[in-house]
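The values are calculated or read from the model by the stated rules, or taken from the named source; none is laboratory data. Nothing here was measured: the structure is a model prediction, and the numbers come from that model. Cβ placement follows ideal geometry from the backbone for every residue including glycine, while neighbour counts extend to all protein chains displayed. Side chains are part of the model used for accessible areas, which takes the heavy atoms of the whole protein and leaves out ligands, DNA and RNA. Shrake-Rupley method; radii C 1.70, N 1.55, O 1.52, S 1.80 Å.
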Amino acid sequence: GIQVEQSPPDLILQEGANSTLRCNFSDSVNNLQWFHQNPWGQLINLFYIPSGTKQNGRLSATTVATERYSLLYISSSQTTDSGVYFCAVGDDKIIFGKGTRLHILP
Amino acid sequence: ETGVTQSPTHLIKTRGQQVTLRCSSQSGHNTVSWYQQALGQGPQFIFQYYREEENGRGNFPPRFSGLQFPNYSSELNVNALELDDSALYLCASSIGQGDEQYFGPGTRLTVT
(Lines give C-alpha, C1' and ligand atoms only; values in the text may rest on other atoms or scores of the structure.)
Protein backbone atom coordinates (compact mmCIF):
# COMPACT_ATOMS: atom_id res chain seq x y z
CA GLY A 1 0.00 0.00 0.00
CA ILE A 2 0.88 3.65 -0.17
CA GLN A 3 3.35 4.91 2.40
CA VAL A 4 3.06 8.50 3.64
CA GLU A 5 5.92 10.18 5.47
CA GLN A 6 5.79 13.60 7.06
CA SER A 7 8.67 15.72 8.21
CA PRO A 8 9.74 17.08 10.54
CA PRO A 9 7.92 15.15 13.28
CA ASP A 10 8.19 18.09 15.66
CA LEU A 11 8.81 21.78 15.12
CA ILE A 12 9.16 24.57 17.68
CA LEU A 13 9.12 28.14 16.42
CA GLN A 14 8.83 31.63 17.75
CA GLU A 15 5.69 33.58 16.90
CA GLY A 16 6.16 35.39 13.60
CA ALA A 17 8.45 32.77 12.07
CA ASN A 18 7.78 30.92 8.82
CA SER A 19 7.70 27.14 8.46
CA THR A 20 7.59 24.46 5.79
CA LEU A 21 6.07 21.03 6.41
CA ARG A 22 6.69 18.20 3.99
CA CYS A 23 4.66 15.15 2.96
CA ASN A 24 6.22 12.39 0.82
CA PHE A 25 4.13 9.57 -0.63
CA SER A 26 5.28 6.36 -2.23
CA ASP A 27 2.86 6.02 -5.16
CA SER A 28 0.88 8.20 -7.53
CA VAL A 29 -2.31 9.56 -6.00
CA ASN A 30 -5.42 11.27 -7.28
CA ASN A 31 -6.01 13.30 -4.17
CA LEU A 32 -4.14 14.76 -1.23
CA GLN A 33 -5.41 16.74 1.71
CA TRP A 34 -3.78 18.75 4.48
CA PHE A 35 -5.46 18.98 7.88
CA HIS A 36 -4.84 20.77 11.14
CA GLN A 37 -5.93 18.88 14.25
CA ASN A 38 -6.82 21.15 17.15
CA PRO A 39 -6.32 20.22 20.82
CA TRP A 40 -9.89 18.87 21.00
CA GLY A 41 -9.25 16.40 18.18
CA GLN A 42 -11.20 18.16 15.43
CA LEU A 43 -9.59 17.78 12.01
CA ILE A 44 -9.85 21.07 10.14
CA ASN A 45 -9.54 21.11 6.37
CA LEU A 46 -6.70 23.23 5.10
CA PHE A 47 -6.23 22.22 1.47
CA TYR A 48 -7.47 19.63 -0.99
CA ILE A 49 -4.55 19.68 -3.40
CA PRO A 50 -3.85 16.68 -5.70
CA SER A 51 -1.51 18.90 -7.70
CA GLY A 52 -0.51 22.52 -8.12
CA THR A 53 -0.42 25.38 -5.66
CA LYS A 54 -3.11 26.94 -3.49
CA GLN A 55 -3.08 29.77 -1.00
CA ASN A 56 -5.39 30.72 1.83
CA GLY A 57 -4.26 33.69 3.86
CA ARG A 58 -0.99 32.91 5.63
CA LEU A 59 -1.10 29.30 4.49
CA SER A 60 -0.19 27.89 1.12
CA ALA A 61 0.42 24.42 -0.25
CA THR A 62 2.14 22.93 -3.25
CA THR A 63 1.86 19.37 -4.51
CA VAL A 64 4.27 18.04 -7.13
CA ALA A 65 2.48 14.83 -8.06
CA THR A 66 5.18 13.63 -10.48
CA GLU A 67 7.77 13.78 -7.69
CA ARG A 68 5.37 12.48 -5.02
CA TYR A 69 5.57 15.21 -2.44
CA SER A 70 3.58 18.07 -1.04
CA LEU A 71 4.63 21.09 1.00
CA LEU A 72 2.61 23.17 3.44
CA TYR A 73 3.88 26.68 4.11
CA ILE A 74 2.89 28.69 7.14
CA SER A 75 3.99 32.31 7.21
CA SER A 76 4.04 34.73 10.14
CA SER A 77 3.14 31.96 12.60
CA GLN A 78 0.67 32.66 15.40
CA THR A 79 0.19 30.74 18.63
CA THR A 80 -3.16 29.53 17.31
CA ASP A 81 -1.28 27.67 14.55
CA SER A 82 -0.03 25.21 17.18
CA GLY A 83 -1.25 21.66 16.84
CA VAL A 84 -0.69 18.65 14.64
CA TYR A 85 -0.68 18.90 10.85
CA PHE A 86 -1.54 15.82 8.81
CA CYS A 87 -1.46 15.02 5.15
CA ALA A 88 -3.65 12.23 3.80
CA VAL A 89 -3.73 10.52 0.41
CA GLY A 90 -5.81 7.84 -1.31
CA ASP A 91 -9.12 7.13 -3.00
CA ASP A 92 -10.87 4.04 -1.60
CA LYS A 93 -8.30 3.63 1.18
CA ILE A 94 -7.11 6.87 2.71
CA ILE A 95 -3.70 6.88 4.34
CA PHE A 96 -2.60 9.52 6.84
CA GLY A 97 0.95 10.41 7.69
CA LYS A 98 2.05 10.45 11.33
CA GLY A 99 1.82 14.22 11.40
CA THR A 100 4.01 17.18 12.27
CA ARG A 101 3.51 18.58 15.77
CA LEU A 102 3.97 22.34 15.61
CA HIS A 103 4.56 24.47 18.72
CA ILE A 104 4.46 28.25 18.29
CA LEU A 105 5.93 30.10 21.25
CA PRO A 106 4.66 33.58 22.14
CA GLU B 1 -25.49 23.65 5.58
CA THR B 2 -25.03 21.16 8.45
CA GLY B 3 -21.58 19.69 8.92
CA VAL B 4 -20.66 16.17 9.90
CA THR B 5 -21.96 15.19 13.32
CA GLN B 6 -21.09 12.22 15.51
CA SER B 7 -22.64 10.69 18.60
CA PRO B 8 -21.96 10.12 21.37
CA THR B 9 -19.02 12.43 22.12
CA HIS B 10 -17.64 10.20 24.85
CA LEU B 11 -18.24 6.59 25.79
CA ILE B 12 -16.89 4.19 28.39
CA LYS B 13 -17.28 0.45 27.84
CA THR B 14 -16.00 -2.72 29.44
CA ARG B 15 -13.80 -5.25 27.67
CA GLY B 16 -15.91 -7.80 25.81
CA GLN B 17 -18.87 -5.47 25.30
CA GLN B 18 -20.19 -4.18 21.99
CA VAL B 19 -20.48 -0.54 20.91
CA THR B 20 -22.26 1.41 18.15
CA LEU B 21 -21.06 4.82 17.04
CA ARG B 22 -23.10 7.07 14.78
CA CYS B 23 -22.31 9.61 12.10
CA SER B 24 -24.46 11.98 10.08
CA SER B 25 -22.97 13.04 6.78
CA GLN B 26 -22.77 16.56 5.49
CA SER B 27 -25.71 17.41 3.25
CA GLY B 28 -25.20 16.20 -0.32
CA HIS B 29 -22.44 13.74 0.58
CA ASN B 30 -22.90 10.04 -0.26
CA THR B 31 -19.54 8.69 0.92
CA VAL B 32 -18.61 8.05 4.55
CA SER B 33 -15.27 6.92 5.93
CA TRP B 34 -14.38 5.83 9.48
CA TYR B 35 -11.03 6.19 11.19
CA GLN B 36 -9.47 5.13 14.48
CA GLN B 37 -6.95 7.48 16.06
CA ALA B 38 -4.95 6.22 19.01
CA LEU B 39 -3.30 8.75 21.29
CA GLY B 40 -0.32 10.40 19.61
CA GLN B 41 -0.90 8.66 16.28
CA GLY B 42 -2.37 9.60 12.93
CA PRO B 43 -5.88 8.43 12.01
CA GLN B 44 -6.02 4.84 10.73
CA PHE B 45 -8.52 4.05 7.98
CA ILE B 46 -11.14 1.48 9.03
CA PHE B 47 -13.50 1.41 6.04
CA GLN B 48 -15.44 3.51 3.57
CA TYR B 49 -19.05 3.31 2.43
CA TYR B 50 -20.39 4.61 -0.84
CA ARG B 51 -24.13 4.51 -1.50
CA GLU B 52 -24.67 1.93 1.25
CA GLU B 53 -21.93 -0.43 0.04
CA GLU B 54 -18.51 -0.96 1.64
CA ASN B 55 -15.95 -0.06 -1.03
CA GLY B 56 -12.65 0.04 0.86
CA ARG B 57 -11.32 -1.45 4.08
CA GLY B 58 -8.18 -0.99 6.14
CA ASN B 59 -6.37 -3.56 8.29
CA PHE B 60 -9.05 -4.03 10.92
CA PRO B 61 -10.55 -7.37 12.03
CA PRO B 62 -14.12 -8.38 11.13
CA ARG B 63 -15.37 -7.42 14.59
CA PHE B 64 -15.27 -3.86 13.19
CA SER B 65 -18.32 -3.56 10.97
CA GLY B 66 -20.43 -0.79 9.57
CA LEU B 67 -23.59 0.30 7.88
CA GLN B 68 -24.64 3.17 5.71
CA PHE B 69 -28.30 4.09 5.52
CA PRO B 70 -30.33 5.48 2.59
CA ASN B 71 -29.95 9.00 4.01
CA TYR B 72 -26.16 8.36 3.94
CA SER B 73 -25.77 8.45 7.70
CA SER B 74 -23.59 5.66 9.05
CA GLU B 75 -22.85 3.41 12.00
CA LEU B 76 -19.63 1.82 13.18
CA ASN B 77 -20.08 -1.32 15.28
CA VAL B 78 -17.31 -2.91 17.28
CA ASN B 79 -17.86 -6.30 18.91
CA ALA B 80 -15.88 -7.99 21.67
CA LEU B 81 -14.16 -4.77 22.72
CA GLU B 82 -10.50 -4.95 23.65
CA LEU B 83 -8.46 -2.50 25.71
CA ASP B 84 -6.56 -1.45 22.55
CA ASP B 85 -9.82 -0.28 21.00
CA SER B 86 -9.64 2.77 23.26
CA ALA B 87 -9.22 5.66 20.81
CA LEU B 88 -10.82 8.63 19.11
CA TYR B 89 -13.13 7.43 16.32
CA LEU B 90 -13.54 9.86 13.47
CA CYS B 91 -16.09 9.92 10.70
CA ALA B 92 -15.65 11.84 7.46
CA SER B 93 -18.00 12.44 4.58
CA SER B 94 -17.35 13.44 0.99
CA ILE B 95 -19.31 14.00 -2.19
CA GLY B 96 -17.75 10.90 -3.68
CA GLN B 97 -14.83 8.51 -3.39
CA GLY B 98 -11.56 10.40 -3.60
CA ASP B 99 -13.15 13.80 -3.07
CA GLU B 100 -12.38 16.25 -0.29
CA GLN B 101 -13.30 14.81 3.10
CA TYR B 102 -14.92 16.69 5.96
CA PHE B 103 -14.55 15.33 9.46
CA GLY B 104 -16.86 15.20 12.42
CA PRO B 105 -15.70 16.02 15.96
CA GLY B 106 -15.16 12.37 16.84
CA THR B 107 -16.24 9.95 19.54
CA ARG B 108 -13.76 9.20 22.29
CA LEU B 109 -14.10 5.56 23.35
CA THR B 110 -12.51 4.25 26.51
CA VAL B 111 -12.46 0.49 27.13
CA THR B 112 -11.76 -0.61 30.69
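Miscellaneous remarks
- Comparing B:Ile12, B:Ile46, B:Ile95 in a Gaussian network model of chain B, where Cα atoms under 10 Å apart are tied by springs, the biggest mean-square fluctuation is seen for B:Ile12.
- Other residues whose C-beta falls under 13 angstrom from the C-beta of A:Gly16 contribute a net charge of -1, scoring Lys and Arg +1 and Asp and Glu -1.
- Solvent-accessible area buried by B and A, counting both chains, probe 1.4 angstrom, square angstrom: 1600
- Averaged per residue, segment B:1-65 has 53 square angstrom of accessible surface, using a 1.4 angstrom probe with ligands and nucleic acids left out.
- Charge tally around A:Val89: other residues with Cβ under 10 Å, Lys/Arg +1 each, Asp/Glu -1 each, net 0.
- Partner chain coverage, peptide B:97-108 - average Cβ within 10 angstrom: 5
- B:Glu75, B:Glu82, reordered so the largest accessible area comes first (probe 1.4 Å): B:Glu82, B:Glu75
- Anchor A:Lys54: aspartates and glutamates whose Cα lies under 20 Å away (excluding residues fewer than 8 positions away in-chain): A:Glu67, A:Asp81, B:Asp99, B:Glu100
- Per-bin percent of Cα-Cα distances, segment A:26-106 [5 Å]: 3, 15, 26, 25, 18, 9, 4, 1, 0
- Spacing of the modelled spin labels on A:Leu13 and A:Arg58, each 7 Å from Cα toward Cβ, amounts to 0.9 nm.
- Estimated at the nearest 10 Å², the accessible area of B:His10 is 130 Å² with a 1.4 Å probe.
- Carbon + sulfur, % of accessible area of segment A:1-83 - ligands and nucleic acids excluded, 1.4 Å: 47
- Beta bridges per DSSP, both residues in chain B: antiparallel share near 90 percent.
- Element breakdown for chain B at a 1.4 angstrom probe: carbon and sulfur atoms account for 47% of the accessible area.
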